[in-house]
1. Amide H neighbours of Leu53 under 5 Å, at least 5 residues apart or on other chains, H built in the peptide plane: list them.
2. Please label the shape of the range 2-160 as rounded, prolate or oblate, based on the square roots a ≥ b ≥ c of the eigenvalues of the alpha-carbon gyration tensor (a/c under 1.5 means rounded; beyond that, a/b larger than b/c means prolate, else oblate).
3. Given H placed 1.01 Å from N in the peptide plane, which residues other than close sequence neighbours of Thr65 have an amide H under 5 Å from its amide H?
4. Which length gain, in nm to one decimal place, applies between Cys89 and Tyr77 when the Cα-Cα distance is subtracted from 0.36 nm times their residue separation?
5. Cut-off 19 Å, label point 7 angstrom out along Cα-to-Cβ of Ser50: give me the residues of the range 112-129 whose amide nitrogen falls inside.
6. Quick check: residue separation of Asp161 and Asp149 times 0.36 nm, minus the Cα distance between them. What number comes out in nm?
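Just so it is clear, none of the values below were taken in a lab; they were calculated from the coordinates. Since the model is a prediction, treat every value here as computed from it, not as a measurement. Using ideal geometry, Cβ is built from the backbone for each residue, glycine included, and neighbour counts are taken over all protein chains shown.
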Amino acid sequence: MTKKAGWNRSYALRNFQSGEPVVKNITPDQIESIVDTAIAVRSNAYAPYSNFLVGAAVLLADGETIISGCNVENASYGLSICAERNAICQTVAQFGQKTNIAAIAVAATPLATPCGACRQFIAEFGMDIQLICVDPNDKTKRNHFTAEDLLPHGFTKDVLDR
C-alpha cells in the first residue's frame, strides 16, 4: 500500500534515485503516520501458524511516501516473509534499487524488534535507518533504534566494496 496524496511518480523516482541523503530529522507527525500505517496493515497479516501478526511501514526519504507490508506465513515455514522484508520489497518494486529509506515502523504484540534476517535486510538499505517498534494495543509502548543499533558490525555492501 502506498500513501501520498497527489504524488507524481516521475518526480518521486528522480528524487529517490538521485542519491540524496536520507532524511535524518524525522518529525513526530511523520513517525505517527508510519506507526498508524503499520498498525493498520497488521490486520492484513496472514499468520495461521503462529498467530503473531506484524505490520510494517517504510517512510521514504521524501518524508511523505509510506509503503506498508505485513507478515505472510507458509506451511513450509522457511517460505514465510516478515512484515519488514515485505514492506521493503514493496518499496523496491515501486521505486527501484536506489530507494532511500528514512524510517521503518514495526507493529507487533507483544512489542518486538525485527528478527535477525530482517535486521540484515534493513541494513542493506542503510545502517542509519530509524526503526520504531510499537505495541499496536498501546502506542505509548515503543522503542526507537537505528539499524546499526540492532545490527552492530553488520555485514553490509561496504564489505564487498573492498
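1. Thr109
2. rounded
3. Hits under the 5 Å cutoff: Leu60.
4. Computed gain between Cys89 and Tyr77 is 2.4 nm.
5. 112-123
6. Taking 0.36 nm per residue and subtracting the Cα distance, the gain is 2.1 nm.
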